[in-house]
Amino acid sequence: SSVLVIPVEFKDVTAASKGYTIATLKEAFKEGGKTDYFSLYDYYYTSSYGQLALDITVLDSWFQPQYTSTYYKNKTMNYEGEEIFIGDQVVMDEALRALESKLDLSKFDSDNNNIIDAVIMVNTLNVDAESDFNWAYRYWNTYTDDEGYYYEYDGVSANDYIWASYQFLHEDENGNYTNTSGVNTYTFIHEFGHVLGVDDYYDTAYVG
């Protein structure tokens, strides 16, 4: 499986202002990456007994969306009569359009179904459990043209994606996000499990 990791910094929350680096991101995802646990690659290679070797590409620079973070956080789109917050999908569309002329995006479609296997967007926003946009999740693309087709970039589309803050890498054992010397990959490993089809097994009904 091919995985495209897009580092996203907003105009109002830059990577430099937060001390976030591409080098640390690459450690979190690459084979043999130095983390507090396993890198994403190492976790799935090890836990699959060598059956799953992810082909992960972390871009070398931060993508900066056109507007400030507030614009995307409040962005809605009418989709089959419902207002859905899809600011992260607008960011993904912008990023893939910008990358189209710089990168052959079709190489991230390993099963030749014309859809990029997985996109991971790591953003510079602070974690906030009260806001979906400031949390971590795996989702599917709802952004389509008038005929209901996904937008295409280099002949491929994007569907399965993860949106999560870089700050999750700094989470400590108490649930704070202040361990700036650490590289905590738990959240990214968890969300990628959903990309592979794994369900949540914690108490989602909060009954016990």
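The values are calculated or read from the model by the stated rules, or taken from the named source; none is laboratory data. Since this is a predicted model, take the numbers as computed values, not measurements. All accessible areas refer to the heavy atoms of the entire protein, side chains included, with ligands and DNA or RNA removed. Shrake-Rupley method; radii C 1.70, N 1.55, O 1.52, S 1.80 Å.
Below are the figures for this structure:
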| quantity | calculated |
| --- | --- |
| Reciprocal mean inverse distance between Cα atoms of the range 11-121 - Kirkwood radius, Å | 16.5 |
| Share of Cα-Cα pairs in the range 106-152 lying beyond 18 Å, as whole percent | 49 |
| Distance histogram in 10 Å bins (all Cα pairs of the chain, percent per bin) | 8, 34, 39, 17, 2, 0 |
| Whole-percent carbon and sulfur share, accessible surface of the chain, 1.4 Å | 45 |
| Cα pair distances of the range 150-206 binned at 5 Å [whole percent] | 4, 15, 18, 15, 19, 13, 7, 6, 2 |
| Amide H contacts under 5 Å for Ser110, placed H, 5+ residues apart | Ser2, Asp117 |
| For the chain, accessible area per residue (1.4 Å probe, heavy atoms of protein chains only), Å² | 52 |
| The chain: most fluctuating residue of Leu25, Leu125, Leu59 per GNM, C-alpha cutoff 10 Å | Leu59 |
| D (Stokes-Einstein, µm²/s), Kirkwood Cα radius, the range 1-58, 0.890 mPa s at 25 °C | 198 |
| Estimated Rh, the range 85-128: Kirkwood, alpha-carbon pairs, angstrom | 12.1 |
| Compactness of the range 82-178, expressed as Rg and Dmax over alpha-carbon positions, Å | 15.1, 48 |
| Antiparallel content of DSSP bridges confined to the chain, in %, to 5 | 40 |
